[in-house]
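Below is one structure; the comments refer to it alone.
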Amino acid sequence: MSIKSLRYCFKSIFILFLFFYFNANAQRGDRQMPQYTVSGKVTDEAGIPLEYATISFQSTRNPDKLTGGITNAQGTFEIEVPRGSYNINIEFISFEPKNFEKRQINADLDMGTIVLGMAAGELDEVVVTAETTQVEVRLDKKIYNIGKDLTTAGGTVADALNNVPSVSVDIEGGISLRGNENVRILINGKPSAMAGFGNTDILSQLPAEAIERVEVITSPSARYDAEGTAGILNIILKKEKTLGFNGSVSARVGEPDMVGLSANINYRTDKFNIFTTTGFRYFDAPGNANSNTRYFEYLNQDNEVVTPNFERIIEDRKFDRLNRNFNTSLGFEYYITEQSSLTATGFYRYGEDEDLTTNYNSMFNNEMLELRTLRTEEEIEEDNSFQFALNYINKFDKSGHQLTADLQYENDRETQTGDINELIEFNSTGEDPFYPMENTLTEEVQNEYLIQADYVRPIGENAQFEAGYRGNFEEEVTDYKLSLEDQSSGNLELSPLSNEFTYTENVNSLYSQYGNKFGEFSFLLGLRLENTQLKGKIESQLTETELQEEFGIPIDTDFDNNYLGLFPTVNLIYELDEQENITLGYNRRINRPRGWFINPFPSRASRTNIFQGNPNLSPAFSNAFDLGYLKRWKKLTLTTSVYYQHETDSFERVEQSSTTQDGTQVIRTIPINLATNDRTGAEAGILYNPAKWLRLNGSFNFFQFDTKGEYNGVDYSAKNTSWFGRFSSKVTLPAKIDWQTNAFYRGAWEGAQSENEGILSVSMAVSKELFNENATLTLNVSDLFNSRKRESFTTTEFFERESEFQWRQRSITLSFTYMFNQQKRDRERARRSEGGNDDMNGEGEF
């Protein structure tokens, strides 16, 4: 601990000693003196409450007379002060103090929000905080304040998440937490159309500049939905808290073809706040995949030997995805009184995609090519998403006693048309196979309602009680029509595989939790009760027996399942000192199968490799433990944790072989419930800033999973160890130029049937400040070595396959961001922090 920190600690102890001393003597000397309450809130410039900030009152008539107090966990204070004239001083370690000279107190005084800026002696730390991702540890979460990450400039929310410790985004855009894909994505604490209604594709379309911070919640408290066995990622979007008109505008171009424009704009007065994020993006995302599959003879259910038509099939696929999307959000916050406000927000997104997939299939016997076809799929998709939300908050007092209520409606409409044609380019089989033209039309409508109420009641100085209700009601209707070419007439006729699938998920939940702090020890205990109703109905020309024969799994065309569960949480934290703590968490979670995991009708991009859902899936449940440690030094922050999770009925994707009526071998990938999955791991993260011009951070996550279970008589048990790590360095060069390099490596891993090679991805970026630091020009290269590819080897009793998949190729982006009324506002705030007195107005913000 530095000398300055020690001096601050002794001074705080001395102030508290004097506070208690004069309070004791007030019973004698000031017995007749009227007492008034001085209240307020202390935050940093980002609006984060400062706990244990000291507030001291020094009498101007008698300077030896001193009283005061400290802020609580919410950064608020209420101090009884005798009538008189005082010099008021607000202090917090590493921050510039504020002084209010000769303040008359002759009535209760609300000082409002007092904002402290970083101390001049900590200027290096100011630069660090502004430009790198910083971490804060709370009882139930880690908060990463997204810094000025050059490699995500002009990028998306998904790009930004891939630079957050513990989080990884795979090559298909799938998000995982500590290697576990079952992570719940929230926007501003709630499920949102911005998070794609459970589908994370939309996160690849929202601009990264819209993020203020990301909360990594690996041990969620009872206030959160129990969904997500891996935990929760809560993305907090920017909403300026400062008075006036301000914002930023960004433009970007790139290769492969990409053009984008986005704006974050905010206007705030004493009575209302208007904020918006709007963006348009046009981009091409080419990708490719290839596989080499060898088929074996096998025994079918009747103990008959099945010989495949071809011993080997090679597929070579190329994807051309042309995407155009527009999204906008508009919010209006009205301050009804000083204690209550009403916020209305709307979000709209329109997306239009044109995808072309070409798939060359080469089929061999005795290592001789016998048949080669070219399968093309042209797909057009239109997507309209809309969300409207109301939030009401009433603060009963300054201590944090409050009631919030939320109402939210979301609607998503998606129309997808596809034309599939397969032509024979080479044929030496002596036969004339017929591959019918196909036309698909998929119309999907999703509606979701959210009703939520939360009540928070502080008890005394350190305790707090919370209770609430959440109702989440979702219905998804998928109308799928498949038309196939008739061989004799050449006309397209509706296939009996056409269907309408209605999926309903209703979740009602109640929770309560209690937290308290005793010295350096804090705890948060919670219990959540959830009732889940999962309903599905399939309307098809085929009977359940015919569907089972077609898809190879039992199918209930009309199911209604109810699950009632208790989900306890325990979170503990012990503060060894101001810069060091230990945390321990336990929680029980649920993994509910999503609609696309249940719909049994398969994808059709490939005739030989398809994915289909499983309507027989049941929810999975997990119990997880997490032990963490945080230590801060002046220029270094270390976070570590070890964790263990036991999951029952865990989801696992398995691949099975079948033969179509024309003799084609088909590999089906379906999700199933396995018996158990035990996951153990450890992680560490370092944020190191050795110099003003150099900033480094890295993280490492090591985990092992042990899966046990069988399906259809096949043992899919597997035990494997894997890891991933990331490293980032940022160098500030002369002429206000920054250079940043990010590297990510996912170690090799194995599943029940597959072995996957490690994946390396390196990104680089350089930026230049312009126009008196009001603008930034950034050039970045994502996946510098074009190495972000998944290479895997799969083996079963039916086949073995080598495959390579690349969802998106290397991209280069040039972006320009202009900020207005932000740099000037920050300089003015720093000047006011030095002057102090100009801010004193008795109410509002300081």
Within segment 651-685, of all residues that are at pLDDT below 90 and under 22 Å from the mean Cα position of the chain (by Cα), the one nearest to residue 572 (Cα to Cα) is 685
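Residues in segment 198-216: is at least one at pLDDT 75 or above and of a type in the set (A, V, I, L, M)? I'd like the intermediate steps shown before the answer.
At the first step, the residues of segment 198-216 found to be at pLDDT 75 or above are 213-216.
With the extra rule that they be of a type in the set (A, V, I, L, M), the set shrinks to 214, 216.
Yes, because at least one residue in segment 198-216 is at pLDDT 75 or above and of a type in the set (A, V, I, L, M).
Among the residues of segment 412-430, which ones are over 19 Å from residue 360 (Cα atoms) and either hydrophobic (A, V, I, L, M, F, W, C) or free of Cβ contacts under 8 Å to residues at least 24 places away in the same chain (or both)?
430, the sole residue that qualifies.
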Condition first: among the basic types (Lys, Arg), surrounded by 19 or more Cβ atoms within 10 Å (Cβ to Cβ), out of contact with any Cys (no Cβ under 9 Å at 6 or more places or on another chain) and touching a residue at least 24 places away in the same chain (Cβ under 8 Å). Can you find one or more residues in segment 663-682 that meet it?
yes
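Considering only segment 253-272, I want to know if a residue exists there that is in a strand (DSSP E or B) and aromatic (Phe, Trp, Tyr). Write out each step before concluding.
Step one: of segment 253-272, the residues in a strand (DSSP E or B) are 253-255, 258-268, 272.
So of that shortlist, the ones also aromatic (Phe, Trp, Tyr) come out as 267, 272.
So far as segment 253-272 goes, yes, one or more of its residues are in a strand (DSSP E or B) and aromatic (Phe, Trp, Tyr).
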Go through the residues of segment 525-534 one by one and say whether even a single one is touching a residue at least 24 places away in the same chain (Cβ under 8 Å) and closer than 19 Å to residue 495 by Cβ. no
By residue number, the members of segment 394-404 that are surrounded by fewer than 17 Cβ atoms within 10 Å (Cβ to Cβ) and either on the phi > 0 side of the Ramachandran plot or hydrophobic (A, V, I, L, M, F, W, C) (or both) are 396, 403
>> touching a Pro at 6+ places or on another chain (Cβ under 7 Å), modelled with pLDDT of 90 or more and surrounded by 15 or more Cβ atoms within 10 Å (Cβ to Cβ): is that true of residue 484 in this structure?
In response: yes
Given (1) more than 30 Å from residue 564 (Cα to Cα); (2) assigned to a loop (DSSP other than H, G, I, E, B), residue 600 misses just (1)
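Against the condition touching a strand residue (DSSP E or B) at 6+ places or on another chain (Cβ under 9 Å), under 23 Å from residue 175 (Cβ atoms), among the hydroxyl-bearing types (Ser, Thr, Tyr) and in the same structural domain as residue 640 (by TED's automatic domain parsing), how does residue 729 come out, does it pass?
Numbers: touching a strand residue (DSSP E or B) at 6+ places or on another chain (Cβ under 9 Å): yes; under 23 Å from residue 175 (Cβ atoms): no; among the hydroxyl-bearing types (Ser, Thr, Tyr): yes; in the same structural domain as residue 640 (by TED's automatic domain parsing): yes.
Against the criterion (touching a strand residue (DSSP E or B) at 6+ places or on another chain (Cβ under 9 Å), under 23 Å from residue 175 (Cβ atoms), among the hydroxyl-bearing types (Ser, Thr, Tyr) and in the same structural domain as residue 640 (by TED's automatic domain parsing)), residue 729 does not qualify.
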Expected single match for surrounded by fewer than 19 Cβ atoms within 10 Å (Cβ to Cβ), among the hydrophobic types (A, V, I, L, M, F, W, C) and touching a residue at least 24 places away in the same chain (Cβ under 8 Å) among 55, 114, 48, 90 is 48
**OP:** Determine if segment 546-562 includes at least one residue that is within 30 Å of residue 627 (Cβ to Cβ), touching a residue at least 12 places away in the same chain (Cβ under 8 Å), buried (at least 20 other Cβ atoms within 10 Å of the Cβ) and in the same structural domain as residue 623 (by TED's automatic domain parsing).
**Re:** no
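Just to verify a result, which residue in segment 415-438, among those that are assigned to a strand (DSSP E or B) and of a type in the set (Asp, Glu), is nearest to the chain's Cα centre (by Cα)?
Residues of segment 415-438 that are assigned to a strand (DSSP E or B), as a first pass: 415-427, 438.
Still in the running and of a type in the set (Asp, Glu): 419, 422, 425, 438.
Working: 419: 35, 422: 40, 425: 46, 438: 37 Å.
That would be 419.
Report yes if residue 274 is more than 27 Å from the chain's Cα centre (by Cα) and not charged (D, E, K, R), otherwise no.
Details: more than 27 Å from the chain's Cα centre (by Cα): no; not charged (D, E, K, R): yes.
In short, no.
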Taking segment 496-532 and keeping residues buried (at least 16 other Cβ atoms within 10 Å of the Cβ) and among the small types (Gly, Ala, Ser) leaves 498, 509, 512, 515, 522, 526
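Checking the conditions here, which among 729, 717, 763 is in contact with a helix residue (DSSP H, G or I) (Cβ under 9 Å, 6 or more places away or on another chain) and hydroxyl-bearing (Ser, Thr, Tyr)? Walk me through it before giving the result.
On the way: 729 fails: in contact with a helix residue (DSSP H, G or I) (Cβ under 9 Å, 6 or more places away or on another chain); 717 fails: in contact with a helix residue (DSSP H, G or I) (Cβ under 9 Å, 6 or more places away or on another chain).
Just a single option satisfies the conditions, and that option is 763.
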In the set 411, 439, the lone residue that is surrounded by 14 or more Cβ atoms within 10 Å (Cβ to Cβ), modelled with pLDDT under 95 and farther than 19 Å from residue 349 by Cα is 439
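With modelled with pLDDT under 85 and farther than 30 Å from residue 709 by Cα as the only criterion, which of 810, 829, 788 stands out? If you could, list the steps in order and put the result at the bottom.
Values: 810 fails: modelled with pLDDT under 85; 788 fails: modelled with pLDDT under 85.
Only one candidate qualifies: 829.
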The condition of being closer than 15 Å to residue 499 by Cα and of a type in the set (A, V, I, L, M, F, W, C) holds, among 597, 625, 601, only for 601
Of the candidates 339, 387, the one satisfying the condition of being in the same structural domain as residue 273 (by TED's automatic domain parsing), buried (at least 17 other Cβ atoms within 10 Å of the Cβ) and under 30 Å from residue 467 (Cβ atoms) is 387
Those strands (runs of 3 or more DSSP E) completely within segment 745-798 that have 3 or more residues that are buried (at least 16 other Cβ atoms within 10 Å of the Cβ) and touching a Ser or Thr at 6+ places or on another chain (Cβ under 9 Å) are 759-770, 775-782, 790-795
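For segment 335-364, what are the residues that are out of contact with any Ser or Thr (no Cβ under 9 Å at 6 or more places or on another chain) and part of a strand (DSSP E or B)? Can you show your working first?
Step one: of segment 335-364, the residues out of contact with any Ser or Thr (no Cβ under 9 Å at 6 or more places or on another chain) are 336-344, 352-355, 364.
Selection gives 340, 341, 342, 343, 344, 352, 353, 354, 355, 364.
Quick one: in segment 549-596, of everything that is among the small types (Gly, Ala, Ser) and at pLDDT 90 or above, which residue is farthest from the chain's Cα centre (by Cα)?
Applying the first criterion (among the small types (Gly, Ala, Ser)) to segment 549-596 yields 552, 565, 585, 595.
From what is left, the residues that are at pLDDT 90 or above are 565, 585.
Working: 565: 25, 585: 20 Å.
Filtering first and then ranking leaves 565.
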Residue pairs qualifying under the 9 Å Cβ cut-off, at least six apart or on distinct chains, with the first in segment 298-315 being outside any strand (DSSP E or B) and the second being surrounded by 18 or more Cβ atoms within 10 Å (Cβ to Cβ) and acidic (Asp, Glu), are 310/370
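The values are calculated or read from the model by the stated rules, or taken from the named source; none is laboratory data. Owing to the predicted nature of the structure, the values given are computational and were not obtained by experimental measurement. Every residue, glycine among them, receives a Cβ derived from its backbone with ideal geometry; neighbour counts consider all protein chains shown.
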